[in-house]
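Heads up: the structure comes next, in structure tokens.
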Amino acid sequence: MLSPDRITITQEVAAALRDGRPVVALESTLITHGFAYPRNIEVATASELAVRSTGGVPATVALHAGRLLVGLSGDQLEELATAPRWSVRKVARPSLGAAIAWGGWGATTVSATMIAAHAAGIRVFATGGIGGVHRGALGGERPSFDISADLGELARTPVTVVCAGPKAILDVPLTLEYLETQGVPVLAVGTEELPGFYSRGSGIPAPQSVPDVAAAAAVVRAHLSLGLGSGILVCAPVPEADALPDDVARDAIAQAIHEADQAGITGPAVTPWLLARVADITGGASVVANTSLILNNARVAGELAAALGA
């Protein structure tokens, strides 16, 4: 259990939790590592407004001065958004202790945000897309056994994560297999296919699907009531107006992956390089889709938290 002296919850978030009002956790890596200033604070602010539009209270999570912050003030958002990237640590479960000991700003990924949300009593968390099993896990030209800490966190922390599916640059079928092995339910809302992140479809059948948020809430409520210890992944497709056609997204990702292999890009540098290259290949259309899905996920998470009754 997270020590109370390692977490600070804003008065607004604490009051909402005490009163049984819906609260949605939001990550902070999109602020520091996802978008450049001022686009980063615009997206972060719009995400919070999307949650508020549903009657929910947003709780953007970050780390500062040795404490996890659950809810950021406007000044804190601005400080985080304008901080030099090198001065902000990207924090996941494996690096959480080191980041706390360091004492500076830390931007929370999916795993670290889930830890903070669960410690605060928040049951719903919205992000863009989760990490997963990287391509090459089963061999190939550049074999890899890189599996995101997001998946392990979903297996051990009972928080509902709303996203647009695993990031499309990953090995999505293996990511689903890994989640199944870890006992994590994957639920698609309003589609029989797993959402394809930039595109509405992936060509991969969703493990489970429901027609709307109300039906999703019934599944989430039942899962959490069983006390299994795992979270649940709720996938909402990117809004149609901003989605990339399936073939455009697929071809851009394939080209970017081929170029990364040719350039010998490996390790932690792969994901940001691929996302930037896909943006170049699509003429910025992937950035529009990414922004749209982030805001949509925040809205869906707010509706889900309201339907859950907390």
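The values are calculated or read from the model by the stated rules, or taken from the named source; none is laboratory data. Treat the numbers as computed from the prediction; the structure is a model and nothing was measured. Neighbour counts are summed over all protein chains in view; Cβ atoms, including those assigned to glycine, are modelled from backbone coordinates with ideal geometry.
Mind checking which residues of region 281-310 are within 15 Å of the chain's Cα centre (by Cα) and of a type outside the set (A, V, I, L, M)?
Those that are within 15 Å of the chain's Cα centre (by Cα) and of a type outside the set (A, V, I, L, M): ASN290, THR291, SER292, ASN296, ASN297, ARG299, GLY302.
Tell me yes or no: at least one residue of region 271-280 is crowded, with 20+ Cβ neighbours inside 10 Å and more than 20 Å from the chain's Cα centre (by Cα).
There is at least one residue in region 271-280 that is crowded, with 20+ Cβ neighbours inside 10 Å and more than 20 Å from the chain's Cα centre (by Cα).
Tell me which of these ARG135 doesn't satisfy, since it passes every other one: (1) touching a Gly at 6+ places or on another chain (Cβ under 9 Å); (2) assigned by TED's automatic domain parsing to the domain that holds VAL161.
Evaluating ARG135 over (1) touching a Gly at 6+ places or on another chain (Cβ under 9 Å); (2) assigned by TED's automatic domain parsing to the domain that holds VAL161 leaves (1) as the failure.
Testing GLY267 on (1) modelled with pLDDT under 95; (2) in contact with a helix residue (DSSP H, G or I) (Cβ under 9 Å, 6 or more places away or on another chain); (3) of a type in the set (Gly, Ala, Ser), one condition comes back false. Which one is that?
That leaves (2) as the condition not met.
Out of region 77-109, which residues are assigned to a helix (DSSP H, G or I) and closer than 22 Å to ARG52 by Cβ? Spell out how you get there, then give the answer.
First, pick out the residues of region 77-109 that are assigned to a helix (DSSP H, G or I): 77-82, 85-87, 93-102.
Those that are assigned to a helix (DSSP H, G or I) and closer than 22 Å to ARG52 by Cβ: LEU77, GLU78, GLU79, LEU80, ALA81.
Kindly provide the set of residues from region 41-70 that are assigned to a helix (DSSP H, G or I) and within 15 Å of ALA81 (Cβ to Cβ), ordered by number.
Passing the criteria: ILE41, GLU42, VAL43, ALA44, THR45, ALA46, SER47, GLU48.
Tell me which residues, restricted to region 178-199, are of a type outside the set (Ser, Thr, Tyr), farther than 17 Å from ASN290 by Cα and touching a residue at least 40 places away in the same chain (Cβ under 8 Å).
Selection gives LEU179, GLN182, GLY183, VAL184, PRO185, VAL186, LEU187, ALA188, VAL189, GLY190.
I'm trying to understand the selection: among the residues of region 51-98, which are surrounded by fewer than 14 Cβ atoms within 10 Å (Cβ to Cβ), in contact (Cβ under 8 Å) with a residue 60 or more places away in the chain and more than 30 Å from ALA214 (Cα to Cα)?
SER73
Taking GLU27 as the residue in question, decide whether it is surrounded by 22 or more Cβ atoms within 10 Å (Cβ to Cβ), charged (D, E, K, R) and either free of Cβ contacts under 8 Å to residues at least 60 places away in the same chain or not assigned by TED's automatic domain parsing to the domain that holds LEU293 (or both).
It is true that GLU27 is surrounded by 22 or more Cβ atoms within 10 Å (Cβ to Cβ), charged (D, E, K, R) and either free of Cβ contacts under 8 Å to residues at least 60 places away in the same chain or not assigned by TED's automatic domain parsing to the domain that holds LEU293 (or both).
For region 11-36, name all the residues that are of a type outside the set (A, V, I, L, M), in a loop (DSSP other than H, G, I, E, B) and at pLDDT below 95.
PHE35, the sole residue that qualifies.
Would a scan of region 203-223 turn up a residue that is among the polar types (S, T, N, Q), farther than 20 Å from GLY128 by Cβ and over 20 Å from the mean Cα position of the chain (by Cα)?
no
Can you go through GLY183, GLY227, GLY203 and tell me which one is of a type in the set (Gly, Ala, Ser), touching a Lys or Arg at 6+ places or on another chain (Cβ under 9 Å), surrounded by fewer than 17 Cβ atoms within 10 Å (Cβ to Cβ) and on the phi > 0 side of the Ramachandran plot?
GLY203
May I ask you to verify whether ASP261 is in a helix (DSSP H, G or I), more than 20 Å from the chain's Cα centre (by Cα), at pLDDT 95 or above and more than 21 Å from GLU42 (Cβ to Cβ)? Walk me through how you get there before you give the answer.
Details: in a helix (DSSP H, G or I): yes; more than 20 Å from the chain's Cα centre (by Cα): yes; at pLDDT 95 or above: no; more than 21 Å from GLU42 (Cβ to Cβ): yes.
Taking the combined requirement at face value, the residue does not satisfy it.
Return only the number of the condition from (1) out of contact with any strand residue (DSSP E or B) (no Cβ under 8 Å at 6 or more places or on another chain); (2) in contact (Cβ under 8 Å) with a residue 12 or more places away in the chain that ALA222 does not satisfy.
For ALA222, the failing item is (2).
So GLY71 clears everything in (1) over 17 Å from the mean Cα position of the chain (by Cα); (2) closer than 19 Å to ILE7 by Cα except one condition, right? Which one?
It fails just one condition, (1).
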